[in-house]
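Every number in this text was worked out from the coordinates using simple rules, so none of it is lab data. If you're wondering where the values come from, they're calculated on a predicted model, not measured in any experiment. Don't worry about glycine lacking a Cβ; one is built from the backbone with ideal geometry, like all the others, and counts go over all protein chains shown.
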Amino acid sequence: MRLKAFIITLLIMVNGQNYSNADEAKSGINFYTGMFDFSDDKKRSTLFGIEHQDENLYRDTFLGRVSPVTGMMITADNAAYFYTGIEANLDLGPFKLTPSFTPGIYSQGEGKDLGHPVEFKSEVQLSMDLGESTNFGMSYNHVSNASLGDENPGANSYMFNFLKEF
């Protein structure tokens, strides 16, 4: 029931105003590395990822500016997560706060069994502007199957992010 309410809210959020003018926003690539499931001593693993952020396709909604994001991460244990979803970009002067929600497909490899191939990643990232088109930040995420599987252990991760806009 909570998942249905969230999806309805997400659809209402995305049904906002016009797409942006290409001169106003930029696309970017986010390279990140960190620790997958740092809270599980037995299954924690180093992770690496890449993400495409396209602010050119943003919509203004009652929750702020929302744009698409697509990416993948892989762990040292060959677990992989491919995802696409939305993110909001909140400008805080020299800092940017970026919460996101990205459903995706998870492959366990030799890593942690998350209970289902369909997983949902909720993330918050705080980055600092290092120049006109470069940001460095840190993020935290939680990956969960929203009780789609018989088990839902979830995974908590932290990452260091290097973002380059073009």
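Fewest neighbouring Cβ atoms within 10 Å first, the residues TYR32, TYR140 line up as TYR140, TYR32. Between LEU90 and ASP54, the simple label model (points 7 Å from Cα in the Cβ direction) yields a spacing of 2.6 nm. Gain on full extension, evaluated as 0.36 nm per residue between THR134 and GLU151 minus their Cα-Cα distance, stands at 2.1 nm.
Counting other Cβ atoms within 10 Å of each Cβ, which chymotrypsin sites (Phe, Trp or Tyr not before Pro) in segment 59-101 have at most 14 and sit in a DSSP loop?
On the way: sites: PHE62, TYR81, PHE82, TYR83, PHE95, PHE101; in loops: PHE62.
Loop-located and lightly packed - PHE62.
Length available on full extension from TYR158 to THR33: 0.36 nm per residue minus the Cα-Cα distance, which gives 44.2 nm.
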